[in-house]
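Just so you know, all these numbers are worked out from the coordinates, no wet-lab data involved. Keep in mind that this is a model prediction, so the values were computed, not measured. Here Cβ is always computed from backbone atoms with ideal geometry, including for glycine, and neighbour counts include all displayed protein chains.
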Amino acid sequence: GAALTAASRAFDGGPRSPVLWVSVAALPLLVGLFMLVLWARYLARERNRRRTFSRARLELARVVLELDLLDAHVDIAGAELDRGARGRARHVAKDVKEKLEKDRAAIRDKSLKLAHEEQVLARELLDARARVHERGAPEKPLDLATFAKRTAALRRRADALVAASSLRVGHAGG
């Protein structure tokens, strides 16, 4: 008896309120929910990076595939300028032809440089085991947004050169 009475008076039985148990159960639930939100944000950011890289890669591939077409446009424009220019206009035609060829060479060089950068970014973003040609590869880490901007600018420049050479052919022929 006496021990049982002393024990029942010393031990109050613990809290029976559901508020304590709900809060104890809600704490790990909130931590898990927070981790889920962080993971979802990471996945969205990674998906956006891959989408941006894929878009820039497609633009670069388009420019590289159209280099032969660009060469043909510039060569045709040069031939038409040579054929159509007489007297003083020949000097202007020569300057225009040199400018077109200079732009074509710049686009070729820039596309090669961006192709090296694309290999490095592919290794960083997609596959760490992907091979990269060491010669011509950039030294410092690359920024994806800068790569995408430079690729879009190269595509616009190539399109502008095709349009300019077509325009020059039209002016030389007419």
In nanometres, the difference between 0.36 nm per residue of separation and the alpha-carbon distance of Asp159 and Arg88 is 22.6 nm
Explain nothing, just the number: dipole magnitude of the chain about its Cα centre with +1 on each Lys and Arg Cβ and -1 on each Asp and Glu Cβ, in debye rounded to the nearest 20. 300
If you put +1 on each Lys and Arg Cβ and -1 on each Asp and Glu Cβ, how big is the dipole of segment 21-71 around its Cα centre, in Debye rounded to 20? 300
Theoretical gain in end-to-end length, Leu33 to Arg45 [0.36 nm per residue, Cα-Cα removed]: 2.5 nm
Which residue, chosen from Ala61, Leu43, Gly78, occupies the Cα position most advanced towards the positive end of the dipole of segment 39-82, where the dipole is computed from +1 (Lys, Arg) and -1 (Asp, Glu) charges on Cβ about the Cα centre? Leu43
Go ahead and estimate [θ] at 222 nm for the chain from helices alone: -39,500 (n - 2.57) per DSSP H run with n ≥ 4, summed, over the residue count, rounded to 500. -29500 deg cm²/dmol
Can you give me the Kirkwood hydrodynamic radius for the chain, using every pair of distinct Cα atoms, in Å to one decimal? 21.7
Extension gain Trp21-Ile76, at 0.36 nm per residue separation less the Cα-Cα distance, in nm? 11.6 nm
